[in-house]
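One structure is given here, and the rest of the page talks about it.
A short reminder: the numbers here are calculations on the coordinates, not readings from a lab. Values in this document were obtained by computation on a predicted structure and should not be read as measured data. Please note: Cβ atoms are built from the backbone with ideal geometry, for glycine as well, and neighbour counts cover all protein chains shown.
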Amino acid sequence: MAVETREDAVTVKHHPENYGVIGTRPIRHDGVDKVTGAARYGSDVSQPGQLYGAVVRSPHAHARIRNVDVSKAELLDGVHAVITCHDLPEPTDIITGGGEEEGVPLKHKSSNMLARGKVLYHGHAVAAVAAVDAHTAGEAAALIDVDYEVLEAVVDVRVAMQDDAPLLHEDLRTNDMGETADNPSNIATHMSYEIGDLAKGFGEADLVMEKEYTTATVHQGYIEPHNTTAFWNADGQLNLWTSTQGTFQVRATVANILRIPASQIKVTPMEIGGGFGGKITAYLDAICGLLSQKTGTPVKAMMTRTEVFEASGPAPSSWMRVKIGVKNDGKMTAVETEMAMDAGAYPGSPVMQAIVCAFACYDVENGKVDGYDVVDNKPKTAAYRAPGAPQAAFAVESLIDEICGELKMDPIEFRLLNAAKEGTRRIEGLVARKIGFVECLEAARDHEHYKSKLGNGEGRGVAAGYWPNRGFQSSVSMTVNYDGVVSLIMGSVDIGGTRASIAQQTAETLGIAYEDVKPTVVDTDSIGYTFITGGSRTSFATGIAAINAAEDVKAQMIERAAKIWDTNEEDVEYVAGIVQHKSDEELKLTFKDLARQLATTGGAISGRSNIDPTGEGNGYAVHLADVIVDAETGKTDVTRFTAIQDAGKAIHPSYVEGQMQGGAVQGIGWALNEEYFFDESGKMMNPTFLDYRMPTTLDLPMIDTVIVEVANPGHPYGVRGVGEVAICPPMAAVGNAVSSATGNRMYSLPITPGKILDADWGNGQS
């Protein structure tokens, strides 16, 4: 084990390495354009003669649509088209696939785009217009008269599950472990996994604790609003320019909703101003496409900040019950959890991921997890960085901390005693491959932060988190230019350093300089199918595709050198950017030297790879949080925070640190500030950044990082995804720190000053 220390970071290595480019911190390819303002985002798209779109949204959280009168809007000067759900093809029960919305009925996707029959949340799209400018479009939207029959709304997941709750969908019946219920319900799905003998495990325990936890609806908080520009050409080709995490996901969604072949749609990704999972779902694309088809003109639409909050997908709220049994020495004997998550208006919450991730950090022989996917009158939820796992980690890690207090046991030693290792079978049945959880715990235990003394009134919390990471399809192609520079083409949208990490893996494989790789993210017509950028998959899966494509290039370079030297290919080898004869030392060409001879030896060389890899390495993280709580106001300040995470191999350490810090900051926001406020009618009361309180640099200390490197054997360079698991531990770490500082245990997020004061003045818990 080696330890590399920088002034602002620590890397703990658990494997040998001898890399030239991987592990370095080169300048990002998109840096110059972004700092000079040259980068083009969705708002910068401008097509000749383009019109501007505006969406009519419901002022009610739950209502039947009796009638939509668009006549006044159509008569307004400057209006070119008005559409409602009736302009869309009739939706069906067909199950669509792709991205994070795998297995979603088409009728739900279509109705979420433009409401059909009922509106199911405040901000639900009902109609849309295209006009000569944004002002006219907005004026026309205001002229559309919608007749609603207002219905009772439900925005609490626990209330929505009750038999007498207002029904969102009269045809929705619970899928209970494969069996369909007889009566309609807001519970879409019940799922369950079990391992061992639960009764036996709890019977063997010396201490059994059981508690309930809740978390609020929260938003990803990306800076750039959703946007789309569409142009339906006269030849039937639909062109879309949009801010998205998955161009092929957008293409599939629009093709399904509009019932046109996917090959008829070309999606061009613009630079993306943040996503965190929230830019996977398509909201405006089919609307703009249909408006463009009706007008024969490009149509551009952008959400306002309020529309982003009210009409795009947040992370779900949750209710969770956790029960854990332990021996007096701290060994877990049995675990159990029951979780309910709201999916918003249509089924599809990440409760499956929540129950899978809940106890994945621990080796327990007896366990059971149950999950409920519940609809309510909120926007359809979307992915948000390790969807479902942060809520689960908050509940489980909070109860573990409480158990450690009862046993008077060090919280890290408790976790080490029960830690999952290679070969551990999880409750859902999967067996862990090589993982780095123990190494993360050891790094936390040995860190100066954990050993340091707390200041007066401070409290310290520890928490762990897990995310499985993802694989899925990726495509890459690359071409060797005559000057030796490699053009790298990929379909993975760059949202967190993708261009840099894929270019580094390419350069490492070819043995050339990072600066000699020029990465470009292209449209859906220019590359093979590529899954979304999300799930901590891109550096892993697209990285493997790039490595394979580079190996293809190397093989062709060997072929060309053999032709030049009039020898057999078997006598030529490629070593660190040099093509050389195995036995004749004088026959040697650098990559650039050989590139200059491509024109006379057969023409250009291109490598390609289309893959659907398995072998993604599971992600584990451990966070340390110090807080101080003002006794008079209840305000909590984070005074110190350290994020420790297994990256497998940090391709670009600065990007890895950024992902760890970003996830920690967002998790701290979940813990202390962020939540959707709904009134009795289901209207969100804080749909602006002024009222939806996200932490800023003024609220936080520097987030220290420790990169642990336990190589993933499923990747040539040991890569594990890093973007997801960083958000899993912070809520519990902060909550445990608050408990340490105040003596009161918090069971509900966010931990607001009011809750702290209520606990101080009440029963000691909130």
ask   = Roughly how big is region 553-622's charge dipole about its Cα centre, with Cβ charges of +1 (Lys, Arg) and -1 (Asp, Glu), in debye to the nearest 20?
value = 360
inquiry  = What whole-number distance in Å separates the alpha-carbon centres of region 172-186 and region 311-356?
reply    = 20
ask   = From a point 7 Å beyond the Cα of residue 448 in the direction of its Cβ, which residues of region 662-676 have a backbone N at a distance under 17 Å?
value = none
Residue 40 paired with residue 206, simple spin-label distance in nm, labels 7 Å along Cα-to-beta-carbon = 6.8
note = Expressed in µm² per second, the diffusion coefficient of region 313-436 from the Stokes-Einstein equation, with Rh the Kirkwood radius over alpha carbon pairs, at 4 °C and 1.567 mPa s, is 86
query = Along the three principal axes, how long is region 428-549 when you take its alpha carbons, biggest first, rounded to the nearest angstrom?
reply = 64, 37, 26
query = Counting only residues 5 or more places away or on other chains, whose amide H sits under 5 Å from the amide H of residue 226 once H atoms are built in the peptide plane?
reply = 303
request  = Sort region 481-561 into rounded, prolate or oblate with this rule: let a ≥ b ≥ c be the square roots of the eigenvalues of the Cα gyration tensor; rounded if a/c is under 1.5, and if a/c is not under 1.5, prolate when a/b is larger than b/c, oblate otherwise.
outcome  = prolate
inquiry  = Taking the Cα centroid of region 559-635 and of region 423-477, what is the distance between the two, rounded to the nearest whole Å?
reply    = 29
request  = Mind grabbing the base-10 log of I(q)/I(0) for region 52-209 at q = 0.10, 0.12, 0.14, 0.19 Å⁻¹? Debye formula, identical points on the C-alpha positions, no solvent, two decimal places.
outcome  = -0.53, -0.68, -0.84, -1.21
query = How do 122, 14 rank when sorted from fewest to most other Cβ atoms within 10 Å of their own Cβ?
reply = 14, 122
task = Can you bin region 639-723 into rounded, prolate or oblate? Criterion: square roots of the alpha carbon gyration tensor eigenvalues sorted a ≥ b ≥ c, rounded for a/c under 1.5, prolate for a/b above b/c, oblate for the rest.
result = prolate
request  = Work out the length of the dipole vector of the chain about its Cα centre, built from +1 on the beta-carbon of each Lys and Arg and -1 on the beta-carbon of each Asp and Glu, and round it to the nearest 20 debye.
outcome  = 780
message = If R₀ is 41 angstrom, what is the calculated FRET efficiency for the pair residue 47 and residue 576, using the beta carbon separation as r and rounding to 0.05?
response = 0.30
request  = Can you tell me the relative contact order of region 60-156? Whole percent, Cα pairs under 8 Å, sequence separation 6 or more.
outcome  = 48
key: Net dipole in debye of region 29-90 [+1 Lys, Arg Cβ; -1 Asp, Glu Cβ; about Cα centre; nearest 20]   = 280
Region 398-465, relative contact order [Cα under 8 Å, separation at least 6], % = 26
request  = For region 648-739, build the charge dipole from Cβ charges (+1 Lys, Arg; -1 Asp, Glu) around the Cα centre, then report which of 725, 666, 653 sits farthest towards its positive end.
outcome  = 653
request  = Could you work out how far apart the two model spin labels at residue 237 and residue 162 are, taking each label as a point 7 Å from the Cα in the direction of the beta carbon, and quote it in nm?
outcome  = 5.7
ask   = What order do you get for 303, 684 when you list them from fewest to most C-beta neighbours inside 10 Å?
value = 303, 684
inquiry  = Please report the antiparallel percentage of the DSSP beta bridges confined to the chain, to the nearest 5.
reply    = 75
key: Options 590, 542, 517, ranked by Cα towards positive dipole end of region 471-611, top entry (Cβ charges)   = 542
task = At 4 °C and 1.567 mPa s, grab the translational diffusion coefficient of region 471-611 from Stokes-Einstein with a Kirkwood Rh over Cα pairs, rounded to a whole number in µm² per second.
result = 85
key: region 102-160 versus region 285-305: alpha-carbon centroid distance in Å   = 16
task = Sort out the exposed loop GluC sites (Glu not before Pro) in the chain (DSSP loop, at most 12 other Cβ within 10 Å) and tell me the longest stretch that has none.
result = 171-584
ask   = region 444-476: which trypsin sites (Lys or Arg not before Pro) are DSSP loop and have at most 14 other beta-carbon atoms within 10 angstrom?
value = 453
ask   = If region 439-484 were replaced by its equivalent ellipsoid, with semi-axes equal to the square roots of 5 times the Cα gyration tensor eigenvalues, what would those be, largest first, whole Å?
value = 46, 18, 11
query = Between residue 92 and residue 179, what is the label-to-label distance in nm when each label sits 7 Å out along the Cα-to-Cβ direction?
reply = 3.1
request  = Output the relative contact order of the chain, whole-number percent, from Cα pairs under 8 angstrom with separation of 6+ residues.
outcome  = 16
remark   = Per-residue ellipticity at 222 nm attributable to helices in the chain (runs of n ≥ 4 DSSP H, -39500 (n - 2.57) apiece, nearest 500 deg cm²/dmol) works out to -8000 deg cm²/dmol
Neighbour-count order for 540, 472, fewest beta carbons within 10 angstrom listed first = 472, 540
